[in-house]
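Have a look at this one.
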Amino acid sequence: IKKIAYAASFGVDTWEYNAELTKTCSKYAKRLNAISVRESTGVALCKDYLGVDATCVLDPTILAGADAYKPLLKEKTGEQDYLFAYILDITPEKQAYVESMAKSKGLEAIIKSADKNATLSVEDWLSMIAHSSMVITDSFHGTVFSILFHRDFYSIVNIARGGTRFASLLCPLGLEHRMGDVSQLQSLDVTSIDWQRVDRCLEKQREQSAKFLTHALK
């Protein structure tokens, strides 16, 4: 049986495990026929600590492409244009930034999180992103779907949940200017996004990721 890891994620760019756990993880990693990781830094972690080779690939949500999610989208309700803020770890600073951005753009601010009080279904969540005029998020997948749906977006790098995943996603697409902490984002002189360029870059990455899967499954 082929055993493959696709787009596994450390979430961070430093090794967090003791010698005993590292030895155990290395033992089981070597049983896999092929390993791919979501962050470019994960390639080095696999090599240096697990003794295995890994390939950097796209997260599977991006591999599917926007068309895969369009059947899940609901119709837009209401006439008011809005800024959708999907914030995993809300703070007064983040909330103030969202409200300030919404006011400056003349948008209604809608703030949602993923805590125990969350009420959005998957379809609701996707639709909120797809129909928004702007997205502000500290979520990796909030960022992913902002890109897939070509939304004007800003990513607050969530260090506690792993900042390297944002860089691995955005830098190859030339979108590193759309990420940072709140103070960095507030001081950015941001130009519009060239979505044709972004889509061309994503298509090349999809081809490379598909090549990894094809080779690994032979």
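The values are calculated or read from the model by the stated rules, or taken from the named source; none is laboratory data. Computed from a prediction, not measured in an experiment: that's the story for all the values here. Cβ sites come from the backbone with ideal geometry, for glycine too, and all protein chains shown count toward neighbours. Areas reflect the complete protein model, heavy atoms only, side chains present, ligands, DNA and RNA absent. Shrake-Rupley method; radii C 1.70, N 1.55, O 1.52, S 1.80 Å.
Roughly how many Å² is the accessible area per residue of the stretch 54-192, as a whole number, for a 1.4 Å probe?
48
What lysines sit close enough to Lys3 to cross-link, taking a C-alpha to C-alpha distance under 26 Å and skipping anything fewer than 8 places away on the same chain?
Reachable lysines: Lys23, Lys27, Lys30, Lys47, Lys204, Lys211, Lys218.
Using a cut-off of 24 Å between alpha-carbon atoms, which lysines can reach Lys94, once sequence neighbours fewer than 8 places away in the same chain are excluded?
Answer for Lys94, where 24 Å is the Cα cut-off: Lys103, Lys105, Lys112, Lys116, listed by chain and number.
Using a 1.4 angstrom probe on heavy atoms only, work out the carbon and sulfur share of the accessible area of the chain in %.
Here it works out to 51 percent.
Averaging sequence separations of C-alpha pairs under 8 Å and six or more residues apart, then dividing by the length of the chain, give the relative contact order as a whole percent.
20
Still on this structure, I have one more. When ligands, DNA and RNA are left out and all protein chains stay put, how many square angstrom of accessible area per residue does the stretch 1-46 have with a 1.4 Å probe?
That works out to 61 Å² per residue.
I need the calculated FRET efficiency for the pair Gln80 and Val122, taking r as the beta carbon distance and R₀ as 25 Å, to the nearest 0.05.
Efficiency for this residue pair is about 0.60.
Expressed as a whole number of Å, what is the distance separating the alpha-carbon centroids of the stretch 1-24 and the stretch 175-212?
Centre-to-centre (Cα) distance: 26 Å.
I want to check the label-to-label distance for Lys204 and Ile1. Put each point 7 Å from Cα in the C-beta direction and report it in nm to one decimal.
Going from the Lys204 label point to the Ile1 one covers 3.8 nm.
Something else now. Would you pull out the residues with amide H under 5 Å of Asp181's amide H, same chain only if 5 or more places away, H placed 1.01 Å from N?
Val157
About its Cα centre, what dipole magnitude does the stretch 14-170 give when the only charges are +1 on Lys and Arg Cβ and -1 on Asp and Glu Cβ, stated in debye to the nearest 20? If you can, show how the numbers build up before the last one.
On the way: 17 positive and 19 negative charges, 103 e Å.
So the dipole magnitude of the stretch 14-170 works out to roughly 500 debye.
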